[in-house]
Amino acid sequence: RQRVLLWGVLLAAWEAAWGQLRYSVPEEMPKGSFVGDVAKDLGLQLPELRDRDAHVFDTGRARYFFLDLQNGHLSMMEQVDREEICAAVPKCVLNFEILVKQPMNIYKGEAEILDINDNAPSFPERSSVLEIIEYTAPGARFPLEKAHDPDTGLNSLQNYECSESSYFTLDVKNGDDGVKYPEIILVKSLDREQQAVHNLILTATDGGSPVKLGSTTIQIVVLDGNDNTPEFTQSVYKVTVREDVVVGSRVLQVTATDRDEGPNAEVKYSFFKIPEKFAKTFKLDPESGEIEITEKLNFEEHEFYELVVQARDAGGLSSHSKVHIKVADVNNYVPEIVIMSVFSPVPEDTPLGTVIAIFSVQDRDSGANGEVQCSITESLPFRLEKSFDNYYRVVTAELLDREQQSEYNVTVRASDGGRPALQSSRVLALRVLDVNDNAPVFSQERYSARLSENNLAGALLLSVRATDADWGENALVRYRLGEGRLRGAPLSSDMAKTARQLFSLDPKTGDVKVTGLLDYEERKYYDASVEGKDGGGLTAHAKVHIDILDVNDNAPNL
């Protein structure tokens, strides 16, 4: 256990190219154990890591790691048993994704769970009985129940040993599945009358340090009579079936013959030491030798089966043959699109190449059926980029303009390589956020009006109007009068004050009204400027010219 704790702080490898992190950690490490320094490996300071809301992205699968924002370390969420989560997979790799924001990016990581020698080889039964007819010729082989060690590499099962016997010797064969199969070979003729029972001890050892082992006792009972064993027509039967084959379908038929006569020539078929999970999938007819499927196959869960069948006559003699069943993949899984993050609303002044969304695509099929091509809606100002493996980014390809289009529905499509291909799609609803990039525009460059002197206060003189293509507060225009001019010269502060006393401009409506008494003999016209200013501070200007009309309000002077 001390060695395990020391291994737990070793970082095997990391690589940040294309957002890739690689670590390794031994199995059985306690909760909270150190896996890797994510902050250091990504070149991010701890405050930046917290400000960008870095976290292990939840994909809906079991989570084995968490990111500690206090120190930037990736740590174990719980104690992990490699044999429980990876079964017989030689290399146990757990994937994770680190998502950061502002700017948004995703980093893919993997942590290899290293095996420790925490399991000894074990046999399904502590003892078993093998019956052999006394007439069996030397050289006959008898397969034994194999041991199981869930560890991997050198820590897994490496060899078998058998107690000494003058009648039997041990032979270990490597199967097509890479598993070692023990067999005993009869090297000397049996005589039931001399010795009716032989006892052997079969021991399985692994390659760990220290070595662990497991044993089982084999009792060999010598049977009398019947001197011909059944013989199969083939040593190995091979067949390939589609994973969508109907339950109840016949896979193949095994056949064995016996040269004896009468009951000793009657052969019965059975599976020999079949694993429990296979026993639910296949059924062997003891009379005909036909193998039938009893539950639905799944290529993604199991693509190859090796079964051992036994033919046994009425006298107890038996022989064995292997059945190899290969499952052919069928395109039965639709590509799955997982939207990981969407940046919306998007400011219309967003630079080109900005990441708008990140998503991943996965297809549980294999080969061409699991190869997925992705695309997005064409003729939109976005493009699709592949990050790594099955991760994609949607980025801006053109400058956005809210005044032209304020919303986009971007359809992401995924299609696999099956025939016919299976497809799926998701829609990204993106809203464009307004930026104050348009100044107000007056409907006229110059407004003019004529008004008789001695008018009534409150009379509407004219209205100025300006529009703004922006939205919301950025499009709200407020008006005000400039200083203006009198007879071509700038108004003095007193004159400007007098002009503002004579005229008023409603800041919301743009209505210009008379507020004081006008006198033609004092001033014949007024020039003023009008400013329109939007909520973002952009302005526009127009000119206002007002002519004062004379009325006969003065008598001649002598």
Give the accessible surface of segment 100-155 per residue, rounded to a whole number of Å², with probe radius 1.4 Å and ligands, DNA and RNA excluded.
49
Under 30 Å Cα-Cα from Lys173, which lysines qualify once same-chain neighbours fewer than 8 residues away are excluded?
Lys91, Lys146, Lys188, Lys212, Lys238, Lys268, Lys273, Lys277, Lys280, Lys283, Lys322, Lys326
Give me the distance in nm between label points sitting 7 Å out from Cα along the Cα-to-Cβ direction at Leu352 and Phe272, one decimal.
7.1
On each of the three principal axes the extent of the alpha-carbon atoms of segment 20-114, given in whole Å and largest first, is 41, 21, 20
Folded to 0 to 90 degrees: helix 493-502 orientation relative to the chain principal axis, Cα:
80
Please give every one of the lysines within straight-line cross-link reach of Lys101, meaning a C-alpha to C-alpha distance under 29 Å, and leave out same-chain neighbours fewer than 8 residues apart.
Lys31, Lys40, Lys386
Express in % the proportion of alpha carbon pairs of segment 42-188 at distances exceeding 24 Å.
56
Which value in nm describes the separation of the simple spin-label points at Thr233 and Ser452, placed 7 Å from the Cα toward the beta carbon?
12.4
Computed FRET efficiency, Cβ-Cβ of Arg63 and Leu433, R0 30 Å: what is it to the nearest 0.05?
0.35
Go ahead and run the numbers for FRET between Thr509 and Asn409, Cβ-Cβ distance against an R0 of 41 Å, rounding to 0.05.
0.60
Near Lys508, which aspartates and glutamates are there with a Cα under 18 Å away, not counting those fewer than 8 places off in the same chain?
Asp468, Asp470, Glu473, Glu531, Asp534
Rounded to the nearest 0.05, what FRET efficiency do Glu78 and Phe304 give with R0 = 30 Å and r taken as the Cβ-Cβ distance? Could you check?
0.40
Based on the Cα atoms of segment 95-163, what semi-axes does the equivalent ellipsoid have, where each is the square root of 5 times one gyration tensor eigenvalue, given in whole Å with the largest first?
51, 13, 10
Output needed for segment 336-433: three equivalent-ellipsoid semi-axes, defined as square roots of 5 times the C-alpha gyration tensor eigenvalues, in descending order, whole Å.
28, 12, 10
Average Cα contact separation per residue, segment 121-244, under 8 Å, 6 or more apart, as relative contact order %:
35
How far apart, in nm, are the 7 Å Cα→Cβ label points at Asp519 and Lys296?
10.0
Cut-off 19 Å, label 7 Å out along Cα→Cβ of Ser165, residues of segment 202-243 by amide N
202-205, 214-225, 229
Can you tell me how much longer the chain between Arg426 and Glu183 gets when fully stretched, taken as 0.36 nm per residue apart minus their C-alpha distance, in nm with one decimal?
81.8 nm
Extended-chain gain in nm, criterion 0.36 nm per residue less alpha-carbon gap, Asp553 and Lys326:
70.2 nm
Where the eigenvalues come from the Cα gyration tensor of the chain, what are the semi-axes √(5λ) of the equivalent ellipsoid, largest first, in whole Å?
93, 27, 13
Residue span Lys31 to Lys101: 0.36 nm per residue of separation minus Cα-Cα distance leaves a gain in nm of 22.4 nm
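The values are calculated or read from the model by the stated rules, or taken from the named source; none is laboratory data. Keep in mind it's a predicted model, so treat the numbers as computed, not measured. Methodologically, a virtual Cβ is constructed for each residue, glycine included, from the backbone with ideal geometry; neighbour enumeration extends over all protein chains shown. Surface accessibility is based on the protein's heavy atoms, side chains included, excluding ligands, DNA and RNA. Shrake-Rupley method; radii C 1.70, N 1.55, O 1.52, S 1.80 Å.
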